[in-house]
1. Normalised by the residues of the range 11-81, what does the relative contact order come to in percent, with Cα pairs under 8 Å and at least six apart?
2. Hey, in the GNM for the chain with a 10 angstrom Cα cutoff, which one of 71, 85, 183 fluctuates hardest?
3. Would you list 155, 100 from fewest to most Cβ contacts within 10 Å?
4. Taking other Cβ within 10 Å of each residue's Cβ, how do 195, 60 sort, fewest first?
5. Could you tell me what percent of the DSSP beta bridges with both partners in the range 100-238 are antiparallel, to the nearest 5?
6. What share of the DSSP beta bridges in the chain is antiparallel, in percent to the nearest 5?
7. What 222 nm value per residue comes from the helices of the chain, counting each DSSP H run with n ≥ 4 as -39,500 (n - 2.57) and dividing by all residues, nearest 500 deg cm²/dmol?
8. What angle, in degrees between 0 and 90 and rounded to the nearest 10, separates the Cα long axis of helix 41-52 from the longest principal axis of the Cα atoms of the chain?
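Rule-based calculations on the coordinates, nothing more; no lab input. A quick note: this is a predicted structure, and the numbers were derived from the prediction, not measured. With ideal geometry, Cβ positions are generated from the backbone for all residues, glycine too; neighbour counts draw on all protein chains shown.
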């Protein structure tokens with residue numbers, strides 16, 4: 001079986017012209033969101049070509065597309081390049097961005113907020129290893145603000161996910177209170193699989209041993225750790241900061 005195509009991190013394309021140029025240039029798009037009621041000959045032609053290329057198309061309310069649009073004033077049509085919803089673990093690990101792995105998370109609410117945090121930060125996707133039944137998984141996705149519309153959310157064993165991450169060239173970085181370095185002391189850019197553990201026991205020892213580096217967010221209070229999505233958000237923000245600096249956008 002051929003290896004999945006390598007692709008850059010997820011990014012948003014906004015507006016008919018940008019999306020049309022991407023399609024004509026052969027760029028792989030994963031999802032297109034169109035404001036309900038928008039209908040022009042140019043749009044119909046673009047959507048027909050996109051659909052024939054296998055791009056998933058969703059019609060959403062003006063409120064949704066305007067809220068999701070990065071440009072201001074907001075665009076009426078948006079597209080997602082890079083990893084999109086669904087797909088396999090191998091396809092997810094073929095990306096060149098960040099992947100999050102949650103291990104032993106106990107509460108659907110925390111899982112949902114973590115999924116949302118990963119999506120907001122532009123991660124390629126998230127893998128969750130926990131004992132949730134179908135109802136708990138559905139609750140987690142609902143509480144994620146349906147982030148699974150925009151990136152893969154996969155339910156897989158941690159050891160399998162790490163095997164695939166290492167095989168595809170990702171560094172494995174754990175976020176845990178036994179870490180010796182702050183996030184800004186470690187290179188967080190490029191293909192990285194970030195690992196974070198559950199609320200009670202953190203990252204299991206066998207998974208910790210697979211990590212190339214461990215980072216710890218500074219804490220100044222008496223409670224022993226941040227909530228897991230708060231820790232995630234701190235690391236996500238630092239990765240974005242480092243990536244912007246690497247791209248020359250320090251201002």
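1. 53 percent
2. 71
3. Going from least to most buried by this count: 155, 100.
4. Taking fewest neighbouring Cβ atoms as first place, the list is 60, 195.
5. 5 percent
6. DSSP beta bridges in the chain are roughly 25 percent antiparallel.
7. Taking each H run of at least 4 residues, the total per residue is -10500 deg cm²/dmol.
8. The answer is roughly 50 degrees.
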